[in-house]
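Undergrad: Below you will find the structure I want to go over with you.
The values are calculated or read from the model by the stated rules, or taken from the named source; none is laboratory data. None of these values were measured; they are calculated from a predicted model. All Cβ positions, even for glycine, are placed from backbone atoms using ideal geometry, and neighbour counts span all protein chains on display. Quick note on the areas: whole protein, heavy atoms, side chains included, nothing else; ligands and nucleic acids left out. Shrake-Rupley method; radii C 1.70, N 1.55, O 1.52, S 1.80 Å.
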Amino acid sequence: DGEKLFSYPKSLYTVKDMVQILTNLDDDDIVLDFFAGSGTTAQAVLDLNKEDEGNRKFIICEQMDYIKDVTVERVKKVITQNKECSFIYCELSRLNQKLIDEITEVKTTKELIKIWSSIKKDGFISYKVNPREIDNNITEFEELSITDQKKFLIEVLDKNHLYVNYSEIDDKDYNITADDKKLNKKFYSLK
């Protein structure tokens, strides 16, 4: 579509040089990129492994919404071109983030008040917030602009609970599938 997502993308060749210098060919080194962006580090690892028959692995993390369309697709394309290896893509299970997504999408105060009811019932509210105070002052909330209402509700949420923590995956309320639990336990080398 011609849209430029990255102002300063990482240079593939610079990343390849760094990975080559910092890893041992004889070891099964794991390269971690916590800001994966478009997937340059993953491509560098895959390309180097093909060039020197290395066995490096990578873990890349990204929190932006383009990961499925940009990052994952780039990694799949490189894997297909290199005719080797496998790739596992995982997402964190959303908790309060689901509520933030809902808040962002709605168009009316009525819908936001409905979400507020849902937050009180199922969301994790910041310890700094007293829900009764909000209920008692709902008229003032309704007088805010829709933008300010959304900002307010997002601020009410506890940001430490945007996603389901690993320690909580067995909680039935979160509906984590058996396959997802199994994958998590395998990832953490647990039985």
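Undergrad: Using Cα atoms only, what is the angle between the long axis of helix 146-156 and the major principal axis of the chain, expressed in degrees (0 to 90) to the nearest 10?
TA: Helix 146-156 sits at roughly 70 degrees to that axis.
Undergrad: Give me the accessible area of Cys90, 1.4 Å probe, in Å² rounded to the nearest 10.
TA: The value for Cys90 is about 80 Å².
Undergrad: Give, in nm to one decimal, the length gained when the segment between Glu155 and Asp101 is fully stretched (0.36 nm per residue of separation minus the Cα-Cα distance).
TA: Result for the pair: 18.1 nm of gain on full extension.
Undergrad: With a point put 7 Å past each Cα toward its Cβ, work out how far Cys85 is from Lys186 in nm, to one decimal.
TA: Placing both labels 7 Å along Cα→Cβ, they lie 1.8 nm apart.
Undergrad: From zero up to wherever the largest Cα-Cα distance of the stretch 100-150 sits, split into 10 Å bins and tell me the percent of pairs in each.
TA: 24, 60, 17
Undergrad: Another one. Based on the Cβ-Cβ distance from Asp26 to Leu144, what FRET efficiency comes out when R0 is 41 Å, to the nearest 0.05? Each step should come with its number before you reach the end.
TA: Numbers: r = 62 Å, r/R0 = 1.50.
FRET efficiency, Asp26 to Leu144: 0.10.
Undergrad: Can you tell me what the convex hull of the Cα atoms of the stretch 60-116 projects to on average, as an area in nm²?
TA: 5.0
Undergrad: Turning to a different aspect of this structure: For the chain, take the longest principal axis of its alpha carbons; what is the angle in degrees between that and the long axis of helix 40-52, to the nearest 10 within 0 to 90?
TA: Computed tilt is about 20 degrees.
Undergrad: Tell me, Kirkwood radius of the chain from alpha-carbon pair distances, in Å?
TA: Computed over the chain, the radius equals 19.9 Å.
Undergrad: Could you state the per residue volume, in Å³, of the convex hull enclosing the Cα atoms of the stretch 23-63?
TA: Convex hull of Cα atoms, per residue: 48 Å³.
Undergrad: Between Glu51 and Ser117, what FRET efficiency comes out of the Förster formula 1/(1 + (r/R0)^6) with R0 = 45 Å and r the beta carbon distance, rounded to 0.05? Mind dumping the intermediate values first?
TA: Numbers: r = 57 Å, r/R0 = 1.27.
Result of the calculation: an efficiency of 0.20.
Undergrad: Suppose we keep just the alpha-carbon trace of the stretch 1-104; what are its Rg and Dmax in angstrom?
TA: 15.3, 50
Undergrad: Where in the chain is the longest stretch that carries no chymotrypsin sites (Phe, Trp or Tyr not before Pro) classed as loop by DSSP and with at most 13 other Cβ atoms within 10 Å? Kindly include the intermediate steps, with their values, before the conclusion.
TA: Working: sites that count: Phe6, Phe34, Phe35, Phe87, Tyr89, Tyr127, Tyr188.
The answer is 128-187.
Undergrad: Let me ask something additional. In the stretch 71-131, what trypsin sites (Lys or Arg not before Pro) fall in a loop by DSSP, with at most 12 other Cβ atoms inside 10 Å?
TA: Lys83, Lys107, Lys128
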